[in-house]
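To start, the structure itself, in structure tokens.
The values are calculated or read from the model by the stated rules, or taken from the named source; none is laboratory data. Just so it is clear, the structure is predicted and the values come from calculations on it, not from any experiment. Cβ: placed from backbone, ideal geometry, glycine included. Neighbour counts: every protein chain shown. These area figures cover heavy atoms from the full protein model, side chains too; ligands, DNA and RNA do not enter into them. Shrake-Rupley method; radii C 1.70, N 1.55, O 1.52, S 1.80 Å.
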Amino acid sequence: MSLSCPVPRVETERVLLGHGSGGQLMAELLADVIAPELGLTEPMEDAALIGLDQVFSTDSYVVTPRFFPGGDIGSLAVHGTVNDLAMRGARPVALSLAYIIEEGLPISELRAITHSAAAAARAANVPIVTGDTKVVGRGAADGLYITTTGVGVRLRDAWPSAASAVPGDVVLVSGPIGLHGVSILSAREGLGFEADVWSDTQPLHELVAAMIRAGGAGVHALRDPTRGGLAGSLNEIAAASGVCVEVVESRVPVPRSVAAACDLLGLDPWHVANEGCLVAFVAPDAADAVVKAMRGLPEGVDTTVIGEVTHGVPGRVLARTLVGSSRVVDVLVGEQLPRIC
């Protein structure tokens, strides 16, 4: 009798948690199922450009727990949609806010989350102008889901797109990575990192406006590395633009507390979600001015140059290690941290 190793069976007929990860499974779901049915052929962006100046975005938030160090699902929903508009070079103009509430959610909690969303919108100077509320039975939702939709107006000389990176571009990151995902996991599982790791959730539209004023059309691509983390965003831009991205591993700003937590838990901080930093691909002749402008704002004070776009293998992301070798930076296949946004 001969023995053979079993071949893992890949589930293809049902949606898995990994299909919402921002990684390979999610990309396949969009490319094979959703985009063809909707007739979408353009590169997937954080927001859609309508006509010459209008920008439109929508997103849903299902984070668990609903309150976490540094924020909650209400402020996160506002920041997330404001940032998606900003990644297309837009000034946010207005938001909608829709709730799906599970029967039994404490009114005090709903009030606190709504207060937080309203405060975040006021601080960002982006009004919430409409919305919707639905209530479902016990067990039909996990307490509260929020969907926010935003409209914005494209800033003058702003044309950032995931498909616009070119060889020679400088790659920037506006702040430390991994804070949001680790804070969520710590709060969810009671791991005790809350004192050292807080979510970085914050609006980035003023930072982007400063970048556009400094670099204009030289700001080629922007991404907020949420699901899929830094690695996911770099791979999305490399694939959409058909370029090779080379990053210096030692330059990527990973806080010690995040690195320690990820080492303990077996996670890669490059794959951990963020909610308050961005990745930018900027023309070399505009890079110095853009970096200076970013470091002049609290949201970008820790801006770091982490790499460049090269003429290497299109769609590939490489990291130069401390020993001088290179490794391929790939996207996650499935889910590393579920329910982080």
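Counting only residues that are in contact (Cβ under 8 Å) with a residue 24 or more places away in the chain, farther than 18 Å from Y61 by Cα and either open to solvent by 70 Å² or more (accessible area, probe 1.4 Å) or among the hydroxyl-bearing types (S, T, Y) (or both), how many does the stretch 119-146 have? I'd like the intermediate steps shown before the answer.
First pass over the stretch 119-146, keeping only residues in contact (Cβ under 8 Å) with a residue 24 or more places away in the chain: 119-121, 123-124, 126-146.
Retained after the next criterion (residues that are farther than 18 Å from Y61 by Cα): 123-124, 126-127, 129, 137-138.
If we keep only those that are either open to solvent by 70 Å² or more (accessible area, probe 1.4 Å) or among the hydroxyl-bearing types (S, T, Y) (or both) as well, we get 123, 129, 138.
Total satisfying the criteria: 3.
In the stretch 180-205, the residues that are more than 27 Å from M294 (Cα to Cα) reach residues that are open to solvent by less than 10 Å² (accessible area, probe 1.4 Å) and in a helix (DSSP H, G or I) with C-beta atoms within less than 6 angstrom, at least six apart or across chains, in these pairs: F193/S186; F193/A261; E194/S186.
For the stretch 133-151, does any single residue satisfy the condition of being among the aromatic types (F, W, Y) and farther than 30 Å from G315 by Cβ? Break it down stepwise before answering.
Initial filter on the stretch 133-151 (among the aromatic types (F, W, Y)): 145.
If we keep only those that are farther than 30 Å from G315 by Cβ as well, we get 145.
For the stretch 133-151, residues among the aromatic types (F, W, Y) and farther than 30 Å from G315 by Cβ: present.
Go through the stretch 36-56 and give me each residue that's open to solvent by less than 80 Å² (accessible area, probe 1.4 Å) and at pLDDT 80 or above. Answer for the stretch 36-56, where residues must be open to solvent by less than 80 Å² (accessible area, probe 1.4 Å) and at pLDDT 80 or above: P36, G39, E45, D46, A47, A48, L49, G51, D53, V55. The residues of the stretch 215-230 that are more than 16 Å from the chain's Cα centre (by Cα), of a type in the set (A, V, I, L, M) and part of a helix (DSSP H, G or I) amount to a single one, A217.
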